[in-house]
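Below: one structure, written as C-alpha cells.
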C-alpha cells in the first residue's frame, strides 16, 4: 500500500510519460504481478527503459522490486479491507469505536512516515513551531483531522484557526496571511 501511496504522492512531480505509467499502475495494481516490464511498457505505450527509469526514480533497483512492492501493497490492502470489514461488524460499543479510531490513526501515521522523508517532516515541524498562528482547513473526511489538529495545537499553546468549509478556507487564506506568519504547503489528500 505504501508503494502505491508513494506513487500517488509524487504524481505532481512526474513528467507526462511517468504520470501515464503511474496512473496505469494505480488503476491496474492488481494485474501488475502478471506483467513483465516489456508488457507494461507496451500496455502504456512507452519504452521498457522508461519503465526501469521510473522504478529507479521511486527508489527501487528495477522493475522486479517495484512489482514485488506493488504486489505486497495489493495483498496488504485486501487484508486491511477484510480486517476493517470485520471491525465494522462491531457492536458499536465505545470500546469498539475506540479500537477502530486507534487502528485508523496508526495506519495513517505509518503512511505519513513512509511517504515523507525525515528532513521534510522535521522542516514541517519547525515551520509549525515557529508560526504565530496556523490556519487549518479541511472538509468532508478531513474535518475530523482538522478538529484534532486544532485541539493538539491548543494543548501545546499554539494558536490555530480551523475551518471545515471549503469556501471559507479559500477566502480566509489571503486575509490570514496578511498580518501573520503562517505555514503553507500542508495538504490532506482525499482517499481515492
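The values are calculated or read from the model by the stated rules, or taken from the named source; none is laboratory data. Since we're looking at a predicted model, the values are computed, not measured. Because the Cβ atoms are built from the backbone with ideal geometry, glycine has one as well, and the counts that use them run over all protein chains shown.
Whether any residue in segment 126-133 is surrounded by 11 or more Cβ atoms within 10 Å (Cβ to Cβ), at pLDDT 80 or above and part of a loop (DSSP other than H, G, I, E, B) is what I want to check. Among the residues of segment 126-133, at least one is surrounded by 11 or more Cβ atoms within 10 Å (Cβ to Cβ), at pLDDT 80 or above and part of a loop (DSSP other than H, G, I, E, B), which makes the answer yes. Which ones in segment 1-18 are over 17 Å from the mean Cα position of the chain (by Cα), over 14 Å from residue 55 (Cβ atoms) and in a helix (DSSP H, G or I)? 16, the sole residue that qualifies. Within segment 86-95, the presence of at least one residue that is touching a helix residue (DSSP H, G or I) at 6+ places or on another chain (Cβ under 9 Å), assigned to a helix (DSSP H, G or I) and modelled with pLDDT under 75 is confirmed.
Under the condition of being free of Cβ contacts under 8 Å to residues at least 24 places away in the same chain and surrounded by fewer than 18 Cβ atoms within 10 Å (Cβ to Cβ), which residue from segment 37-52 is nearest to the chain's Cα centre (by Cα)? Going through the qualifying residues, I end up with 52.
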